[in-house]
Amino acid sequence: MGKGFLVLLLALWAVPSNAAEVLSIGDGDTLTVTEGSQRTKVRLACIDAPETSQSPYGKAARQILKSLLPVGSDVRLHFKATDRYGRTVAEVILNGSNINQSLVESGNAFVYWQYIKGCDRQTYSRLETYARQRSIGVWSVAGGIQRPWDYRKNNQSNSKRKRYRCKDIRSWNAAQELLRQGHSYLDRDKDGEACESLR
C-alpha cells in the first residue's frame, strides 16, 4: 500500500497546476480566471458542454458551471494544453473537486473522447455512463442530444452558405423561402418578414 500511495502522490505532483481566481463564466465549458495579475481564458479539458444555442441544455450547462464556480472562487488549474484559440485547456479543481468531472456526472457535458488524452479515461467513462443510465441532462433524450461537436460542424457548414441581398432576390415569396431556410439576416427588423422592399 505504501508503494501505491507513493506512485499516486508522484502522479498528482507531476500534473502542472496553477492557482487562479474565477472572474467570469463564458458558457458551459469556458471561463475566465486571473492567475496573479494575468487574465486567462480557460477551456475545460476532456469535456464538451452543449452550445448556448442548444436550448435548453446549453444555458443549463452555463448556469450549473456558474453555480459550481461562483465569481471569486479560488481554483487550481491542471493544465493540459493550449488550444488553437490560445485558451488554456485544463481541468478545474475547487476544494478538491474536479469540476470537469462534475459536469459530466450531472449530465451537463459529454466526455470529449477526441481530446481525452491526459485525463482519467476510466473515471470520465464511468461518470458519463452514470448520467446516461439515469437519463440526466443531455441524456434525458434517448441516445442523448446532438453532440456539441456535431452541432458546431453543422452550423459551420450552414454559415458557409451563399449570402443573398434583397436587391438580388427575384420576388418577395423567394425571400420568405430563404428566410425559412435559415437566412435570418434578410429580416433586418426581426419582424418575421424578409426583404419587405420586394412587396
Going through Ala142, Ala109 one at a time, which residue ends up being aliphatic (A, V, I, L, M) and crowded, with 17+ Cβ neighbours inside 10 Å? Ala109
Against the condition surrounded by 13 or more Cβ atoms within 10 Å (Cβ to Cβ) and outside any loop (DSSP other than H, G, I, E, B), how does Ala194 come out, does it pass? no
When segment 115-125 is examined, which residues are found to be exposed (fewer than 14 other Cβ atoms within 10 Å of the Cβ) and in a helix (DSSP H, G or I)? Arg121, Gln122
Quick test for you: out of Ser73, Ser67, Ser37, pick the one residue that is among the polar types (S, T, N, Q) and either over 17 Å from Ser97 (Cβ atoms) or modelled with pLDDT under 95 (or both). Ser37
Quick check on segment 147-166. Is at least one of its residues at negative phi, of a type in the set (Gly, Ala, Ser) and surrounded by 11 or more Cβ atoms within 10 Å (Cβ to Cβ)? no
Going through Arg170, Arg199 one at a time, which residue ends up being loosely packed, with under 11 Cβ neighbours inside 10 Å and touching a helix residue (DSSP H, G or I) at 6+ places or on another chain (Cβ under 8 Å)? Arg199
Filter segment 89-139 down to the residues that are over 26 Å from Glu35 (Cβ atoms) and touching a residue at least 40 places away in the same chain (Cβ under 8 Å), then identify the one that is nearest to the chain's Cα centre (by Cα). Phe110
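Does Ala142 satisfy the criteria of being hydrophobic (A, V, I, L, M, F, W, C) and either closer than 28 Å to Ala49 by Cβ or in contact (Cβ under 8 Å) with a residue 40 or more places away in the chain (or both)?
yes
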Boolean, Ala19 is in contact (Cβ under 8 Å) with a residue 12 or more places away in the chain and exposed (fewer than 15 other Cβ atoms within 10 Å of the Cβ): yes
Tell me whether segment 118-138 contains one or more residues that are at pLDDT 80 or above, hydroxyl-bearing (Ser, Thr, Tyr) and not assigned by TED's automatic domain parsing to the domain that holds Gly28. no
Evaluate the following for Arg152: is it in contact (Cβ under 8 Å) with a residue 60 or more places away in the chain and either over 14 Å from Tyr57 (Cα atoms) or assigned to a loop (DSSP other than H, G, I, E, B) (or both)? yes
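The values are calculated or read from the model by the stated rules, or taken from the named source; none is laboratory data. Please read these numbers as outputs of a predicted model, since none were measured by experiment. In this analysis, Cβ positions are derived from the backbone assuming ideal geometry, glycine residues included, and neighbour counts consider all displayed protein chains.
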